[in-house]
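Worksheet for the structure shown next.
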Amino acid sequence: MVKVNFFLRKRGKGESTKKGRVAYPVYSILMRVNFYGKRMEFSTGLHACEIQWNKESQRVKLDVDGMMPMSYVNAGLDQLAIVVQQANSASQRKGQMLTDKKVANAVASLRARLTRTVRHNEGRGYANATKLADECAKTKRRKYFEGAYQDFMHREGDSKGWSKSSREKYTSMWNHIRKMERMKGNGFRLSFDFFREKGLAEYYHFLGESEGLKNSTVKK
């Protein structure tokens, strides 16, 4: 029987800075292979923070800024477990026993490929993970902003008995906001954070210059 486990090597303090990018201690992920009464341990060449690690699943459970994305690490661990099982299956087909050498060769071969893949994708992976997180944050703030605006229209309109023309004015204002958002491009999302002094001045300018509204209308 062959059993593969992964765990963090937490001897010492860990590489707490890891090229100055990570605030948490960073540890190597070790691989332990038990087979036919033998036990071998290998460094996977992959790393994780303790906050990322799930002991039960023996996999990374979340992304941390500055670390390789969870998908890369977990895929690598899955592949390492598979190559050991494949080495065992190949030995059985030949009527042989799995040996230390066969395990070591299988792991070493894949580790070399993983190392090259990690180096190749590391920068791109960090950039993609950071970009995705930024986009999610923007979208969340934008949805909150839109929800608050619509809630305002609903509550104020009902409590103050807005006329049809008043509702149309606020709907028109929202359409101007959305148009400005689209014009800024590059994934820009309007939120409460934008509408401070500088943002309000920019919106004021947009209504006058791009939308052609009179100053009196803009002030209202």
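Some observations on this one:
- Note on Lys102: aspartates and glutamates with a C-alpha under 17 Å away, same-chain residues under 8 apart excluded, are Glu41.
- Between Leu200 and His176, the contour length at 0.36 nm per residue exceeds the Cα-Cα span by 7.3 nm.
- Ile82-Ile51 FRET efficiency (beta carbon distance; Förster radius 22 Å; 0.05 resolution): 0.25
- Pairs with C-alpha atoms separated by more than 22 Å, drawn from the list Lys169/Lys214; Lys169/Lys198; Lys164/Lys198; Lys160/Lys214; Lys184/Lys220; Lys3/Lys38, are Lys169/Lys198; Lys164/Lys198; Lys160/Lys214; Lys184/Lys220.
- Sulfur and carbon atoms: percent of accessible area, the stretch 18-87 [1.4 Å]: 50 percent
- Full extension of the chain between Arg32 and Phe7 yields a length gain of 8.2 nm, computed as 0.36 nm times the residue separation minus the alpha carbon distance.
- In this structure the amide hydrogen of Arg59, modeled in the peptide plane, comes within under 5 Å of the amide hydrogens of Asn54, none closer than 5 places in sequence on its chain.
- Between the stretch 60-100 and the stretch 177-209, the alpha-carbon center distance in angstrom: 50 Å
- Extended-chain gain in nm, criterion 0.36 nm per residue less alpha-carbon gap, Gln92 and Lys214: 35.5 nm
The values are calculated or read from the model by the stated rules, or taken from the named source; none is laboratory data. Computed from a predicted model, the values in this text were never measured in an experiment. For neighbour counting, all protein chains shown are included, and Cβ atoms are generated from backbone atoms with ideal geometry for every residue, glycine included. These area figures cover heavy atoms from the full protein model, side chains too; ligands, DNA and RNA do not enter into them. Shrake-Rupley method; radii C 1.70, N 1.55, O 1.52, S 1.80 Å.
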